[in-house]
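Comments concern the structure below.
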Ligand SMILES: NC(=O)c1ccc[n+]([C@@H]2O[C@H](COP(=O)([O-])OP(=O)(O)OC[C@H]3O[C@@H](n4cnc5c(N)ncnc54)[C@H](O)[C@@H]3O)[C@@H](O)[C@H]2O)c1
């Protein structure tokens, strides 16, 4: 199916991501049918869309008539899946990150959506191939992975499963552009795709440092905020949820390497019900809102380059597997974070001897073989 044939889109799941994705698609002028399991959830999602659009209109970023058009006709809500996807040319799924839930949904959607429709998943980590296999149209199943908040973050990873057809991928990529995003092709279905996979390695590093008590969470976060990150890694983990972080770590551990297993202190927080922002406590106390992190507490014992080194190393594994090119790694990282530069361009300034040496030291110090330099790094192949 070509881009021109996409006239109507269904978004399944109206939570944090689903409502944001629906908003982006509506802003591009498509009618959207938004579905969730109950009226409260779908109406909350629609309410969040309208509140965000009104803010954008107040700031002059979208015309007020455009918002009115969305309110009065383009956005439809339903709790009837058949009604949601029955006329859709593209269905985008954004339900919880539970493989069995996604598989069951895709089986149902496959029965209800028109035979020509493309079915996309917004999964952060999971196999598009496995999801597609639950349908009778695996060639028309792809990943369209947006980033949070979807309205602001430019990246959409367009993921090819082992079965996705060329035509589906071309249409998915063109759709990403049409809705104003920066699409990056993920040529092979691999856990975490590009951005989340590259970020998985520094997560292991940060958790290892905290686990050993080398640096307190607040000192680490304060330091990284002082060097320009909007949020340090521990606060970010609280923000996304300790439970979500554990699930992602376990998935990577299961699919890629045991080194990704969440650190014992993270597992302890989960067991104690300290899930971060949503439960009021995680690394920080959230009972009075966002924790006040004192920048004066910043550690002087950490180099942010170490986090970049492990990202570069992780990225070379993707390049070796034919998932993406070196340049596409940076395109994905810049547009998923808002950082002005990507890790690979920083790595271009660093000799492969230095990089290999530092990675060897990290692998030894934290007993994580995933930090060991790849052959590509040892040969300077991270530069191109
Ligand atoms: N939150 C993020 O930062 C982020 C970023 C990128 C991708 N993702 C991915 O997006 C997906 C959704 O995440 P989220 O953060 O929006 O979750 P969320 O919990 O905010 O929203 C999920 C929504 O799905 C609904 N739902 C549950 N079961 C359903 C079903 N069977 N059918 C239809 N709807 C159902 C829930 O009622 C809820 O409204 C996940 O796969 C997640 O990994 C999340």
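What follows draws every value from the coordinates through simple rules; no lab data is involved. Everything quoted here is computed from the prediction, not taken from an experiment. For neighbour counting, all protein chains shown are included, and Cβ atoms are generated from backbone atoms with ideal geometry for every residue, glycine included.
Some observations on this one:
- Straightening the chain between residue 44 and residue 226 buys 61.9 nm, computed as 0.36 nm per residue apart minus the Cα-Cα spacing.
- Relative contact order (percent, whole number), the chain, Cα cutoff 8 Å, 6+ residue spacing: 13
- Taking every C-alpha pair closer than 8 Å and separated by at least 6 residues, the mean separation divided by the residue count of the stretch 3-186 gives a relative contact order of 21 percent.
- Residue order for 48, 188, fewest other beta carbons within 10 angstrom first, comes to 188, 48.
- Estimated FRET transfer efficiency (residue 348, residue 76; beta-carbon r; R0 41 Å; 0.05): 0.25
- The overall shape of the stretch 215-297, judged from the alpha-carbon gyration tensor, is oblate: a/c is not under 1.5, and a/b is no greater than b/c.
- Degrees, to the nearest 10: 217-226 long Cα axis against longest axis of the chain: 80
- Nearest 10 degrees, 0 to 90: helix 242-255 Cα axis against the chain principal axis: 80
- Helix 352-365 and the longest principal axis of the Cα set of the chain meet at an angle near 80°.
- Cα centroid separation, the stretch 312-349 to the stretch 218-253 (Å): 20
- Ranked by the mean number of other Cβ atoms within 10 Å of their residues, highest first, the peptides 92-98, 60-66, 71-77 fall in the order 92-98, 71-77, 60-66.
- Put in line by how crowded their Cβ is, counting other Cβ atoms within 10 Å and starting with the fewest, 177, 300 read 300, 177.
- Prolate/oblate/rounded call for the stretch 8-159, Cα gyration tensor, a/c under 1.5 rounded: prolate
- Within a Gaussian network of the chain (alpha carbon springs, distance under 10 Å), most fluctuating of 83, 40, 328: 40
- Considering all C-alpha pairs of the chain, those separated by over 33 Å amount to 33%.
- The stretch 64-120 shape via C-alpha gyration tensor axes, a/c threshold 1.5: prolate
- A convex hull fitted around the alpha carbon atoms of the stretch 304-383 yields 86 Å³ per residue.
- Inter-site label distance for residue 257 and residue 339 at 7 Å from Cα along Cβ, in nm: 1.9
- Between 225, 17, 126, the Gaussian network model of the chain with springs among Cα atoms under 10 angstrom shows the greatest mean-square fluctuation at 225.
- The residue 369 and residue 297 beta-carbon pair, evaluated with R₀ = 35 Å, returns a calculated FRET efficiency of approximately 0.60.
- Cα centroid separation, the stretch 197-217 to the stretch 13-31: 34 Å.
- The chain: most fluctuating residue of 34, 118, 275 per GNM, C-alpha cutoff 10 Å: 275
- Rounded to 5, the percent of DSSP beta bridges in the chain classed as antiparallel: 20
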